[in-house]
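Peer 1: So that we are looking at the same thing, I have put the structure below in structure tokens.
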Amino acid sequence: MLPNSGDREINLKEIGDTIKNIRREKGMKLKEVAEKTGLSNGFLSQVENGQAQISLVNLWKISGVLGVPLAVFFAELDKQTLDIVRKDERKALKLPKSNVSYSLLSPDMSRKIEMLLITLEPGEIDDHETIAHEGEECGFVIEGGLGIIQDGTKVILDEGDSVYLDSAIPHRFFNPGSGKSVSVWAITPPSF
């Protein structure tokens, strides 16, 4: 049995609908999910229709087969019309000995798109290793300049410029100037 979320009881129909929608979006048949999770077709059908209780362990199995974080099934519980992320409540990441900081602008990782504020302080050099990951990115420079290296090509963006890139092609960012570089990025799927 699933635990309560705050004072609100979990609605099995909401979780079932979420499972069904994600499964269909991914073009998967109920039988395929059943085989990969080891759960029966009938049980999964009942779960999707809100007629059966599901354990956290079985929900975890389903999330793994569907390739989504477990939190996706609970996102609707606290969903409001507007999801506000206050500037002093953002999740942030700054590694030691790094001039780069990342702030998550989107509310959480259970969405289809991630928004990041990336700040590169002066001195971030362009000789670091490039990275590649699944997805797509689109960035907009709001302050300073931003250097991008992708697949051996180096480009400098100025304030107000934007760029789209295929994240699967090795790339990296650097600060080409003497002031800080600030840019906003939309990334899908979320990877922060």
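Peer 1: So which residues in region 147-186 are in contact with a His (Cβ under 9 Å, 6 or more places away or on another chain) and either in a loop (DSSP other than H, G, I, E, B) or under 15 Å from L117 (Cα atoms) (or both), if there are any at all?
Peer 2: Passing the criteria: D151, S167, A168, F174.
Peer 1: Something else about it: Report, by residue number, each residue of region 163-192 that is farther than 30 Å from A71 by Cβ and exposed (fewer than 14 other Cβ atoms within 10 Å of the Cβ).
Peer 2: Selection gives S178, G179.
Per-residue answers, yes or no, for (1) of a type in the set (G, A, S); (2) modelled with pLDDT under 95; (3) over 21 Å from the mean Cα position of the chain (by Cα); (4) surrounded by 16 or more Cβ atoms within 10 Å (Cβ to Cβ):
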| site | (1), (2), (3), (4) |
| --- | --- |
| S5 | yes, yes, yes, no |
| I10 | no, yes, yes, yes |
| R24 | no, yes, no, no |
| M28 | no, yes, yes, no |
| A52 | yes, yes, yes, no |
| V57 | no, yes, yes, no |
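Peer 1: Continuing with this model, one more query. Is it true that some residue in region 78-85 is of a type outside the set (A, V, I, L, M) and modelled with pLDDT of 85 or more?
Peer 2: No - not one qualifying residue is present in region 78-85.
Peer 1: Confirm whether V163 is farther than 28 Å from I22 by Cβ and within 22 Å of the chain's Cα centre (by Cα).
Peer 2: yes
The values are calculated or read from the model by the stated rules, or taken from the named source; none is laboratory data. Treat the numbers as computed from the prediction; the structure is a model and nothing was measured. All Cβ positions, even for glycine, are placed from backbone atoms using ideal geometry, and neighbour counts span all protein chains on display.
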